[in-house]
1. Gain in length, Glu62 to Lys84, computed as 0.36 nm per residue apart minus the alpha-carbon separation, to one decimal in nm?
2. Given the Cα-Cα distance of Thr118 and Ala21 and 0.36 nm per residue of separation, how much length would full extension add, in nm?
3. What does the charge count near Val94 come to, summing +1 for each Lys or Arg and -1 for each Asp or Glu among other residues with Cβ under 12 Å from its Cβ?
4. How much net charge surrounds Val123 when only the other residues with a Cβ under 11 Å from the Cβ of Val123 are counted, with Lys and Arg +1 and Asp and Glu -1?
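Every number in this text was worked out from the coordinates using simple rules, so none of it is lab data. Please read these numbers as outputs of a predicted model, since none were measured by experiment. Glycine gets a Cβ as well: all are built from the backbone with ideal geometry, and neighbour counts include every protein chain shown.
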Amino acid sequence: MRRNFKLLLVVCPVVYILVTAYFSYRSFHGSDSRPAFKEDSGDSPKNHDTIDFEVKSKQPPEKIKVEIWGKAAIAMYLWTHILKGELFQVDGFVKQGELSLDNISFTFRWGPGVIPTTVPNDVSYLVLVLNGHSEDKIATAKQWLDVLPQ
């Protein structure tokens with residue numbers, strides 16, 4: 001029971017962050033169907049409060065690439081059970097998966113081969129799932145955080 005509670009304490013913030021990021025992006029960069037204001041066309045009585053809605057077409061939004069790097073088992077849970085992503089073996093030490101939701105493309109990397117020197121350096125959006133349960137795991141997590149650019 002206590003272990004399930006600890007797992008819940010870890011999963012809930014991760015899910016909250018991903019859902020918040022997704023819906024925040026959708027609200028700012030989603031479909032741009034803002035109405036264009038026009039003068040009254042004359043078919044109705046002259047009223048300056050009348051608004052004709054005209055949807056302006058826009059180029060499709062740019063594809064956002066989000067990397068998820070996992071160094072804890074909870075990262076695997078996030079990918080397989082929450083995001084419902086598929087995994088394939090890249091080499092003996094790294095599993096990788098790719099998933100697209102609307103205009104967001106997720107790339108997941110997990111395993112003992114995921115170390116700061118083997119992951120891409122040009123990542124704009126990153127979800128780093130670390131383990132801080134014990135002192136040795138905290139030391140490893142700090143190494144990852146020190147490598148990331150400020």
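1. Details: separation 22, 0.36 × 22 = 7.92 nm, distance 2.34 nm.
Gain on extension, Glu62 to Lys84, equals 5.6 nm.
2. Numbers: separation 97, 0.36 × 97 = 34.92 nm, distance 2.60 nm.
Gain on extension, Thr118 to Ala21, equals 32.3 nm.
3. On the way: positive: Lys71, Lys95, Arg109; negative: Asp91.
Net local charge, Val94 excluded: +2.
4. Working: positive: Lys65, Arg109; negative: Glu67, Asp122.
Here the count lands on 0.
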